[in-house]
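Here's the structure, in structure tokens; my notes come after.
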């Protein structure tokens, strides 16, 4: 496991991220594994948020809250500072999956909005977790949490040092590894089959790296029309998750 990265954002750090927005904060408050360090809220929002008794809540107006988060962040009247969740480990995840399961593997997807949206889709379609490369994925942050709409607290997020080695372990655990690639000859529905599926997605533009492709059992494309070249990676993840969830 690599060392946690320091965030370059001035409104919270990777070691003390700030989360905002009612859904993201409510999910964090409901997560017994999440340590809340500080909290700020408008009087109205503080009235219905279920803050732990041991967390002091500072009442603030909308303008004050806006200075605690990045510019134009939709804080919805509440901001919390938290400790990052404990590291999730690939071995633990792979030893606790059902016979039928879908796992997401992200190959250097670094945009926090995309990762957050992918976490949200993973929760919606019952994925057992996501796997990313530690040095090429965003840290926990308010941006990720807001885009995930609570899923950051619910979906296991495993960070690994070597993605190729992780894909080998995933394959050994009985997962059929399908890399999504626009240049593939096979449609995703034709590549699906085994009960355990790992969907591997690359960054926008660059796509899957060569070594990642080499560690997939099949390459497949989404059957999109010629009207556009490709889907945003978070949209592609949602479509692929739906296809895998409803297959068979």
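The values are calculated or read from the model by the stated rules, or taken from the named source; none is laboratory data. Predicted, not measured: the structure shown is a model, and the values here were computed from it. For neighbour counting, all protein chains shown are included, and Cβ atoms are generated from backbone atoms with ideal geometry for every residue, glycine included.
Screening region 120-191 for helices (runs of 4 or more DSSP H) wholly inside it with 2 or more residues that are out of contact with any helix residue (DSSP H, G or I) (no Cβ under 7 Å at 6 or more places or on another chain) and more than 20 Å from residue 238 (Cβ to Cβ) returns the ranges 163-172.
Look at region 113-131: where a residue is under 15 Å from residue 246 (Cα atoms) and a partner is at pLDDT below 95 and surrounded by fewer than 22 Cβ atoms within 10 Å (Cβ to Cβ), sitting 6+ places away or on another chain with Cβ atoms under 6 Å, you get 125/245.
Restricting region 45-64 to residues that are in contact with a helix residue (DSSP H, G or I) (Cβ under 6 Å, 6 or more places away or on another chain) and within 12 Å of residue 79 (Cα to Cα), the residue that is surrounded by the fewest Cβ atoms within 10 Å (Cβ to Cβ) is 59. Scan region 102-129 for residues that are more than 12 Å from the chain's Cα centre (by Cα) and surrounded by 21 or more Cβ atoms within 10 Å (Cβ to Cβ) and the total you get is 2. Among the residues here, residue 180 qualifies as in contact with a strand residue (DSSP E or B) (Cβ under 8 Å, 6 or more places away or on another chain) and within 25 Å of residue 116 (Cα to Cα).
With respect to residue 135, is the statement that it is within 18 Å of the chain's Cα centre (by Cα), at pLDDT below 95 and not assigned by TED's automatic domain parsing to the domain that holds residue 35 true?
yes
Filtering region 65-116 to residues that are within 10 Å of residue 20 (Cα to Cα), part of a loop (DSSP other than H, G, I, E, B) and out of contact with any helix residue (DSSP H, G or I) (no Cβ under 8 Å at 6 or more places or on another chain) leaves only 68. Number of residues in region 40-59 that are at pLDDT below 95, farther than 19 Å from residue 152 by Cα and in a loop (DSSP other than H, G, I, E, B): the value is 7.
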